[in-house]
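Here is the structure we will look at, set down as structure tokens.
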Amino acid sequence: MIILKILLKINCILKLIFFKLIYGRKLSFGRKFTFRKGFSLIIDGRDANVEIGNNVFFNNFCTIAAIENIKIGDDTIFGENVKIYDHNHLFSNIEIPIKNQGYSSSRITIGKNCWIASNVIILKGVTIGDHVVVGAGNVVYKDIEENSVLVSKQEQMLKKSFF
């Protein structure tokens, strides 16, 4: 297990060096920023940037995609498969393929000491305050005040099988 942890840490360091070489000043990150396998970072915009604080952790298969600005505060942790997008495709003209219509975008800010649980999607224009917990499976499309817990109100339905 120790060898696996060492290999994951080395992979993380190498990938961070690669990201810095590719994105340069568009990417800043603090001390002890770590992530596990499958972490994806895309910064695609002339003035786009991503700022990640100290002691931030991303679990397996998380994605950050920025064409404008994404900022993540210190000590924030992310569960598996979290997706953060500061943009959406435009799709108003049926004469033009959606992929050619461009994007609308708006800044995302995630506060300090937050826990974003597994399978959460954070959409453009959202501000998540400090000390927020976002429960698994939520789609965050509105601001969340600091010191809040966002739970998903989903009804589970269990039917007994007659087989």
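Bear in mind these aren't lab numbers, they're just calculated from the coordinates by the rules spelled out. Remember, predicted model here, so these are calculated numbers, not experimental data. Backbone-built Cβ (ideal geometry, glycine too); neighbour counts: all protein chains shown.
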TODO: Among T34, A117, G53, flag the residue with its Cα farthest along the positive direction of the charge dipole of segment 2-150, charges on Cβ as +1 for Lys/Arg and -1 for Asp/Glu.
DONE: T34
Task: Likely footprinting exposure, I77, I110, I94, I13, fewest C-beta neighbours within 10 Å first - done: I94, I13, I77, I110
Open item on the list: Give me the base-10 log of I(q)/I(0) for segment 79-134 at each q in 0.18, 0.19, 0.20, 0.23 Å⁻¹, Debye formula, one uniform scatterer per Cα, rounded to two decimals.
Closed with: -0.67, -0.71, -0.75, -0.87
TODO: Pop out the ³J(HN,Hα) list for segment 83-92 in order, Karplus 6.51 cos²θ - 1.76 cosθ + 1.60 with θ = phi - 60°, rounded to Hz; leave Gly and Pro as x.
DONE: 10, 10, 10, 8, 8, 9, 5, 7, 8, 7
Task: Backbone HN-Hα couplings from phi across segment 124-138 [Karplus 6.51/-1.76/1.60, Hz, Gly and Pro as x] - done: 4, x, 8, 10, 10, x, 5, 6, 10, 10, 10, x, 4, x, 7
Task: DSSP-defined antiparallel bridges as percent of all bridges, the chain, nearest 5 - done: 10 percent
Task: Gyration tensor (Cα) of segment 14-75, equivalent ellipsoid semi-axes in angstrom - done: 17, 13, 11
- [ ] Provide the FRET efficiency to the nearest 0.05 for the I77-I6 pair, computing r from the beta carbons and using R0 = 22 Å.
- [x] 0.55
- [ ] For segment 1-116, state the average projected area of the convex hull of the C-alpha atoms over all orientations, rounded to one decimal in nm².
- [x] 8.0 nm²
